[in-house]
Amino acid sequence: MNYEPVIGLEVHAQLKTETKAFCSCPTRFGAQPNTQICPVCLGLPGTLPVLNRRMVEFAIRTALAFHGEISKDSVFARKNYFYPDLPKGYQISQYDRPLAVGGYLDIETKVPSPPRGEGQGEGATRRIRLVRIHMEEDAGKLIHEGIPGSEGSSFVDYNRAGVPLIEIVSEPDLRSPEEAGSYLRLLRSVVQYLDVCDGNMEEGSLRCDANVSVRPEGSEKYGTKVEVKNMNSFKSVEAAIQYEIDRQIQAIAAGERIVQETRLWDADPQKTFSMRSKEEAHDYRYFPEPDLIPVMVDAAWIEKVQGGLPELPDAKRRRFVEALELSHYDASVLVSSKSIADFFEKTIAIYNKPKMASNWILSELLRYLHEEGRGIEQSRVTPQLLAEMLRMIGDGALSGKMAKEIFKEVYQTGASAVSIVEKKGLKQVTDESAIAQVIDQVLAKHPDKVQDYKAGKEKLFGFFVGEVMKATRGQANPQKLNTLLKTKLSS
Ligand SMILES: [Zn+2]
């Protein structure tokens, strides 16, 4: 029997606010443990939470970008559970009245296939619906390992306790690990465009839990779902989901029943392990947070946030294709990350040749960065440097072939193409009198071949071009050389 996977994702995104959700402690990542804490986020008796307005604004921003419906009066709730990383003994979250319901993301299911320049069909689009987006606070962090002399000890860092999060919950609309991967990539790129979350999965500012079940193909009924946690990269999300699908299909084939549980992904053996049987909502004894009033969001606020939304990846890609005449594939890669799109747009703001800029960024620059494992933010090549080199190519001062060599050096050193060309004496010769002079010398050296050419051996034209190029070390501008040589030979 063939089985169909059914996948839903719950994504936690840490909001880039300066301060925590309910107190004024800073949220800086990587600070010394327990240096960004206060009585409120430590849950000491007698303290009261004060809602961070910026957190609500960022959450509204995200919900609007995903076409969700904003609630005019959402409610914070206490989610009660006991765990050492949760000093209050409960997490302030939202339960039956979240900030936003509904919404969707349109993901591309088939990435149009490279090679670039041919067959760039649009990928098919699938709409993945959202259940809700709600606000909550993060818990602290437990450290069980890696501290010398601490065998058998655990440590807790409360710096993260109270950092604002949004949880974005999808419907179980995803049907493969690859779709889950595209959904997550698009989601990350949108929160980065919105500037509400840095999207760093390794540092945990974007975390993803997957609900995975399988059912016989064609069946309408959902199978028993298992929640998979602890994936900290796109790759591990896809691998964990694939592992879980295979595990469930094998278990069913062996006549076992799937139990509802939470499983942890372990990247080392590439397997999931049972952590605990899944809690039901009533295990958390949710009730409205008595220390906070409902979050009132009026139409004017929504309108203001809506008006401030930036151009999002979809719209940007459409504009790149329609107004700048880039291919669908190239535009998709450029907008896939906000920093690549920014780099591209800054480059063409200086030297407006979109196709050329896109080619150099996508082929040369990204290739070098990839080899080094760097992001474009850490590139020594700036938009300014790239634009300057493109201008030299456009002006005929640099041939495409020479440019590739020069670019390698710009990339490695961060020096300008102009200075490298000067240093190497590689400047293309465009001065007509200089080229004409070399042509005269070459023709004078080969009077017999000139005779033959004039008598009809036109193939010799290539020979003369070759000689001139040799004499100029390949630096003669080819167009100018051709025109001048033709004139001289026909005179
Ligand atoms: Zn605090």
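Scanning the stretch 386-415 for residues that are on the phi > 0 side of the Ramachandran plot and either of a type in the set (F, W, Y) or open to solvent by less than 20 Å² (accessible area, probe 1.4 Å) (or both) yields a single hit, G396. Can you name the residue in the stretch 444-491 that is open to solvent by less than 30 Å² (accessible area, probe 1.4 Å) and aliphatic (A, V, I, L, M) and is also farthest from A397 (Cα to Cα) among such residues? Per the criteria, the residue is V450. L9 satisfies every condition listed in (1) within 16 Å of the ligand (Cβ to nearest atom); (2) part of a strand (DSSP E or B) except (1).
Under the condition of being among the polar types (S, T, N, Q) and either buried (at least 19 other Cβ atoms within 10 Å of the Cβ) or in contact with a strand residue (DSSP E or B) (Cβ under 6 Å, 6 or more places away or on another chain) (or both), the residues counted in the stretch 193-208 number 1. Scanning the stretch 12-60 for residues that are of a type in the set (A, V, I, L, M), closer than 16 Å to E137 by Cβ and more than 9 Å from the ligand (Cβ to nearest atom) yields A13, L15, A21, L44, L48, V50, L51, M55, V56, A59. The listed residues are G425, G394, and the only one of them that is under 38 Å from the mean Cα position of the chain (by Cα), closer than 26 Å to L485 by Cα and at pLDDT below 90 turns out to be G394. Residue pairs whose Cβ atoms lie under 6 Å apart, sitting 6 or more positions apart in sequence or on different chains, and linking a residue in the stretch 25-36 that is closer than 22 Å to C197 by Cα to a partner that is among the acidic types (D, E) and in a loop (DSSP other than H, G, I, E, B), are F29/E203. Of the residues making up the stretch 52-78, those that are over 17 Å from G103 (Cα atoms) and open to solvent by 40 Å² or more (accessible area, probe 1.4 Å) number 4. Within the group S233, S213, which residue is of a type in the set (S, T, N, Q), out of contact with any Leu (no Cβ under 9 Å at 6 or more places or on another chain) and free of Cβ contacts under 8 Å to residues at least 40 places away in the same chain? Just one listed residue meets the conditions, S233.
The values are calculated or read from the model by the stated rules, or taken from the named source; none is laboratory data. What you are looking at is a predicted structure, and each value in this text was computed from that prediction instead of being measured. When we count neighbours, we look across all protein chains shown, and the Cβ atoms used for this are built from the backbone with ideal geometry, even at glycine. Accessible surface areas use protein heavy atoms only, side chains included; no ligands, DNA or RNA. Shrake-Rupley method; radii C 1.70, N 1.55, O 1.52, S 1.80 Å.
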